[in-house]
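To start, the structure itself, in C-alpha cells.
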C-alpha cells in the first residue's frame, strides 16, 4: 500500500517544487484545452447552425478548430521540452539515489496524469464561462438578430479529451524517451554541458535573404486579385522559410562579423552580449523565428478580419448599388413577353409591404469583359492565355431610349456615334467592335448606377443609338465567347424607403416572387436573379464576415498566448543558462550594475528583434493583402492601413508588457544564483 | 613592506532569524610581504574559504580589518569594490571558472574589457603571459576543446593580465591530475620568482610545499606557520607532513 502511494506523492511534490516553471505550462494547457473546446462546441451547436449563413460560420469555426489543434500540439510539445531539459538533473539524482528508470517513468506518468486532470478541469470550466461570453459577442456582432442559446455539449468535451489525451501521451512518450536514452551522470551534468559554437553557414544565410526578398517582391509586385490569390501561399511559405533561415544562419554570420570588429566587440556591454547571443543562437534562433512568424500571423489575421468587419457596410454597398436589382434574360435577341407584368407585380408587392419604390430604373443592357488592343480602340475577341488585368476592358452597353427616359433628356446621335463614360484612365474616343466602328461622345458621369463588379478592371459605360445596335453588339461577343458571353437582359433596379427590418421583409417577398412565381410558363416573365441588399447582408455577408472576425480574434488570442508562453520559457531557460556565467563574471570583477546593464542589452536585442521583423513582414504583406481584401469586396485601403497600425500598436504594448513581466522572472533567476 | 595585513579578523555567521551563531573565524592575524608565496592549509571547516572570501572582498569581516597595499578593505564602498577587486586582485579557482562561450583569449581579456582597456593594450599584454604559461598556441580554442591543465593555465593568465597586487588561488590544483598539478605548481613558482605575490589556499601538501611560507589554520585562527628558509621543496614537504600529523594527533600549539 505504502509503496504504491510513493510515486503519486513524488509526482505531486515534483509539480509543487517546480511550480514556477510548471505554472505557465499548466496555464497554456488549460488555455488551449479551453479554446479548442469552445470552437468545437460552437461548431457543433445547433443554434449556431440555424443562424443566417450558419453553414459559413460552421465551416469557418471548424477550420479554426484545426488551426487551434495544430498550434496547441506545437506549443505543448515545445514547452514540455524546455521543462524536461531543466529537470534532467533532478532525474539524474533520482537515478543515483537508486530509483530505476522505470520508477522515474512511473513518476513522470503520474505527473502527466495530474497535468492532464488539472488542464481538463480548468479548461472545461473556462470554456463554460467563455462560451457564454462568445455567445454574447456573436449575438452582438450579428446585431442581435438571432436567438442564440449555446448549451453544454458533451460531444465537444469528448473530442477535446481525445485530442489532448493524445497530445499529453505524446509528450509523455517523448519524456520517457529522453530518460531512457540518457545515462545518470549525463543527466546530472546536462545543464552545464557547453554547447559548441555554431558554424557560419553562408549559403543558408544568403538563401534566407533571397527567399525573404522573393516573398517581399511577390507581395509588392502584386498587380491584381488573381495574382494575389495564386501567389499568397507561395509568398507566405517563402517568408516563413526566409525568416527561419535568416534567424538561424544570418544571425550567426552577422554576430561573427560583429565579433571580428575588435573595436566594437571588446567593450563591456558588447563583449558579454554578442558572445552570449552567439553562444546560444543555435537553440534560440528557432524560438525567435517562431515568435516573429506568430506575431506576423496575429497582426495580419486580426487586422484583415477586423478591417473586413469594420468595412462591411461599404463592401455591401459596393456589391449592391441598389436595394433591389431584378434581371430578365432575353431569349436570344428577343425580349420575353410579360416583362412589364413582372415589373408591375414587383411594384404591387412593395406596395403590399407598405413601402415606396425610389430611384426606379428599367433598361436593357449587355455587359462583357474583353481585351483591348494596344491602339486603345480595337476590341480583341480572341481567346488567349496570359492576358494581364490592365489590358482588359469591361463594357456595359445600354440603348438610347432607356437613357433618355431615365435621365429625362433628349440626345441627338449622328450615325456611328455612341455616348460613353469611362470611370478611369485615358478617355476612349473610337471603339472598333468587330466590323462595328463607333465614334464615342464623352459624357460627364453616368446616371445608371454603379456596376456590381468586384474585380476591378477598367470600365466603359456606353449608350448605343438603338436596340438593334445593342443586339448587334450582344451577338458579336456571343459569337466569340459562346456560353461564356455576357447575356442581354432587361433590368429593373430600385431603392426602398423604410427601416432595415422593413426592407428585409420586403426584399424577401420580392425574392420569393422571383424564385417561385415568375417563370417561362407563368404570366410573369422569368426573373433570373433578384439581388437584394438587406437580405444578402443578413444571410451572406454579416455571418461570414462576423465569423471571420470572430475567428480572427480567437486565433489572435491563441497566437498571442503561444507567443507569450514561448517568450516566457525562453527567458526562464536562458536565465538558468546565464546564471552561472554571470556568477563567474562577478567573481572576476564585474559589478552588479554592469551585469544588469549587459543583461538588459542582450535581452532587449534578442527580444525586440522578432517584433521588429514582424513589423517589417506585416508592412511588406500590405500590398498583397490589399488585393486579397479586394476579393472580399474591401477596397478601402485607408481603413486597412488604419486597422493594421491599430493592431500593431495594441500588439506592441502587449509585447512590451510581456517583456517587462518575463524580464523580471529572468532577473530573479540570474540574481538568485548569487547566494 | 607588507602588501597584505590581516588584522584580527573575526567572522560570525548568524542564521536568518538570529537563532544560532557560528564562529567561522575567531581571530586571524598575519601579514604577507611583497613577492611572497604563501600557502594556507587547513582541514575542511577550518575557516579557509571564509578567510579567502574576506581577502577577495567578496565578504566582509564581522570585526577586524584587511589592509591591501595600504588600503583598508573596510573603507571601500560597495560600489567601488568590484573595480577595486578587478584592479588589485587576480583569482584562480579550483573549477577554473572559464566561460564556455568565450575562446581562451577572450576569457583572458575579460577583466581588461571590464576595465575598459584599449584593444591594442590588451593584445600587447597577453603575449608575454601566454608565452610564459605555454598557451600561445591554443588561445583561439574554446574551454571545452582543451585539457584541465590548459584551462587552469588560461585561468592563471586571466588572473595575471591585470598585473594585480596579489593573486588569490583557491585550491588551484584540486581538479587536476598529478602531471598537470606539477606543471601548474612549477608555473606558480616561476610566476612568483618574477615578483608576483601569491596567496594560495589548499589542503594538498604537494601544492603547499612549493610556497615560501605555509600557514596552518584551525578552528578559525592561525595555528602555526613554517618558513621554507633555504630548504628544497622536498624538505618543506616533509616538514608540512610532520606538522599535519602532529595536528591530527592533537598536538598543542607550537609543540
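The values are calculated or read from the model by the stated rules, or taken from the named source; none is laboratory data. Treat the numbers as computed from the prediction; the structure is a model and nothing was measured. Using ideal geometry, Cβ is built from the backbone for each residue, glycine included, and neighbour counts are taken over all protein chains shown.
Observations, loosely collected:
Quick grid of which residues meet (1) part of a helix (DSSP H, G or I); (2) in contact (Cβ under 8 Å) with a residue 24 or more places away in the chain:
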site: A:304; (1), (2): yes, yes
site: A:336; (1), (2): no, yes
site: A:348; (1), (2): yes, no
site: A:358; (1), (2): no, yes
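- Across region A:222-232, the number of residues qualifying as part of a loop (DSSP other than H, G, I, E, B) and free of Cβ contacts under 8 Å to residues at least 60 places away in the same chain comes to 0.
- Some residue of region A:364-377 being assigned by TED's automatic domain parsing to the domain that holds residue A:498, surrounded by fewer than 14 Cβ atoms within 10 Å (Cβ to Cβ) and closer than 18 Å to residue A:495 by Cα: no
- In region B:30-45, the qualifying residues are those that are surrounded by fewer than 22 Cβ atoms within 10 Å (Cβ to Cβ) and modelled with pLDDT under 90, and the one that is nearest to residue B:246 (Cα to Cα) is B:43.
- Flag if residue A:48 is farther than 26 Å from residue A:565 by Cα, touching a helix residue (DSSP H, G or I) at 6+ places or on another chain (Cβ under 9 Å) and either assigned to a helix (DSSP H, G or I) or assigned by TED's automatic domain parsing to the domain that holds residue A:165 (or both): yes
- Some residue of region B:88-103 being under 22 Å from residue B:198 (Cβ atoms), in a loop (DSSP other than H, G, I, E, B) and facing another protein chain (nearest Cβ under 7 Å): yes
- Any hit, region A:53-62, residues being crowded, with 18+ Cβ neighbours inside 10 Å, at pLDDT 85 or above and out of contact with any strand residue (DSSP E or B) (no Cβ under 7 Å at 6 or more places or on another chain): no
Table: residues versus (1) under 25 Å from residue A:540 (Cα atoms); (2) in contact with a helix residue (DSSP H, G or I) (Cβ under 6 Å, 6 or more places away or on another chain); (3) surrounded by fewer than 21 Cβ atoms within 10 Å (Cβ to Cβ).
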{"residue": "A:619", "(1), (2), (3)": "no, no, yes"}
{"residue": "A:631", "(1), (2), (3)": "yes, yes, yes"}
{"residue": "A:634", "(1), (2), (3)": "yes, yes, no"}
{"residue": "A:642", "(1), (2), (3)": "no, no, yes"}
{"residue": "A:646", "(1), (2), (3)": "no, no, yes"}
{"residue": "A:653", "(1), (2), (3)": "no, no, yes"}
{"residue": "A:656", "(1), (2), (3)": "no, no, yes"}
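- Looking only at region B:142-159, and only at residues there that are within 12 Å of another protein chain (Cβ to nearest Cβ) and in contact with a strand residue (DSSP E or B) (Cβ under 7 Å, 6 or more places away or on another chain), the one that is nearest to residue A:279 (Cα to Cα): B:155
- When A:245, A:254 are checked against the criterion of being assigned by TED's automatic domain parsing to the domain that holds residue A:658, in a helix (DSSP H, G or I) and over 30 Å from residue A:650 (Cβ atoms), A:254 stands alone in meeting it.
- Of the set (1) free of Cβ contacts under 8 Å to residues at least 40 places away in the same chain; (2) exposed (fewer than 15 other Cβ atoms within 10 Å of the Cβ); (3) in a loop (DSSP other than H, G, I, E, B); (4) within 13 Å of chain A (Cβ to nearest Cβ), all apply to residue B:79 but (3).
- Hits in region A:82-128 (condition: surrounded by fewer than 16 Cβ atoms within 10 Å (Cβ to Cβ) and either outside the structural domain of residue A:183 (by TED's automatic domain parsing) or not in a helix (DSSP H, G or I) (or both)): A:97, A:98, A:100
- Given (1) out of contact with any strand residue (DSSP E or B) (no Cβ under 8 Å at 6 or more places or on another chain); (2) modelled with pLDDT of 85 or more, number of the condition residue A:389 does not satisfy: (2)
- Residue A:314 being within 30 Å of residue A:406 (Cα to Cα), out of contact with any helix residue (DSSP H, G or I) (no Cβ under 6 Å at 6 or more places or on another chain) and surrounded by 14 or more Cβ atoms within 10 Å (Cβ to Cβ): yes
- Exactly one residue among B:58, B:25, B:52 is within 14 Å of chain A (Cβ to nearest Cβ) and under 22 Å from residue B:247 (Cβ atoms), and that residue is B:52.
- In region A:257-277, the residues that are farther than 18 Å from residue A:201 by Cβ and at the interface with chain B (Cβ under 7 Å from one of its Cβ atoms) reach residues that are part of a loop (DSSP other than H, G, I, E, B) and at pLDDT 85 or above with C-beta atoms within less than 6 angstrom, at least six apart or across chains, in these pairs: A:275/B:102.
- Lone unmet requirement of (1) more than 17 Å from the chain's Cα centre (by Cα); (2) more than 13 Å from chain A (Cβ to nearest Cβ); (3) surrounded by 20 or more Cβ atoms within 10 Å (Cβ to Cβ) for residue B:65: (3)
- Looking at A:487, A:434, A:424, A:497, just one residue is assigned by TED's automatic domain parsing to the domain that holds residue A:349 and at positive phi, and that residue is A:434.
- Flag if residue B:85 is under 18 Å from residue A:266 (Cβ atoms), touching a strand residue (DSSP E or B) at 6+ places or on another chain (Cβ under 9 Å), within 14 Å of chain A (Cβ to nearest Cβ) and assigned to a helix (DSSP H, G or I): no
- Residues of region B:104-121 satisfying the condition of being facing chain A (nearest Cβ under 7 Å) and touching a residue at least 12 places away in the same chain (Cβ under 8 Å): B:109, B:110, B:111, B:114
Rundown of residues vs (1) more than 10 Å from chain B (Cβ to nearest Cβ); (2) surrounded by 19 or more Cβ atoms within 10 Å (Cβ to Cβ); (3) farther than 30 Å from residue A:626 by Cβ, yes/no style:
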residue: A:279; (1), (2), (3): no, yes, yes
residue: A:289; (1), (2), (3): yes, yes, no
residue: A:299; (1), (2), (3): yes, yes, no
residue: A:303; (1), (2), (3): yes, yes, no
residue: A:321; (1), (2), (3): yes, no, no
residue: A:326; (1), (2), (3): yes, yes, yes
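- Candidates B:74, B:127 - the one that is in contact with a strand residue (DSSP E or B) (Cβ under 9 Å, 6 or more places away or on another chain), more than 10 Å from chain A (Cβ to nearest Cβ) and part of a helix (DSSP H, G or I): B:74
- Annotation: of all residues in region A:560-595 being free of Cβ contacts under 8 Å to residues at least 12 places away in the same chain and out of contact with any helix residue (DSSP H, G or I) (no Cβ under 7 Å at 6 or more places or on another chain), the one that is nearest to the other protein chains (Cβ to nearest Cβ) is A:584.
- For residue B:166, the criteria (1) crowded, with 19+ Cβ neighbours inside 10 Å; (2) away from chain A (no Cβ under 13 Å); (3) without any contact (Cβ under 8 Å) to a residue 24 or more places away in the chain hold in every case but one, which is (3).
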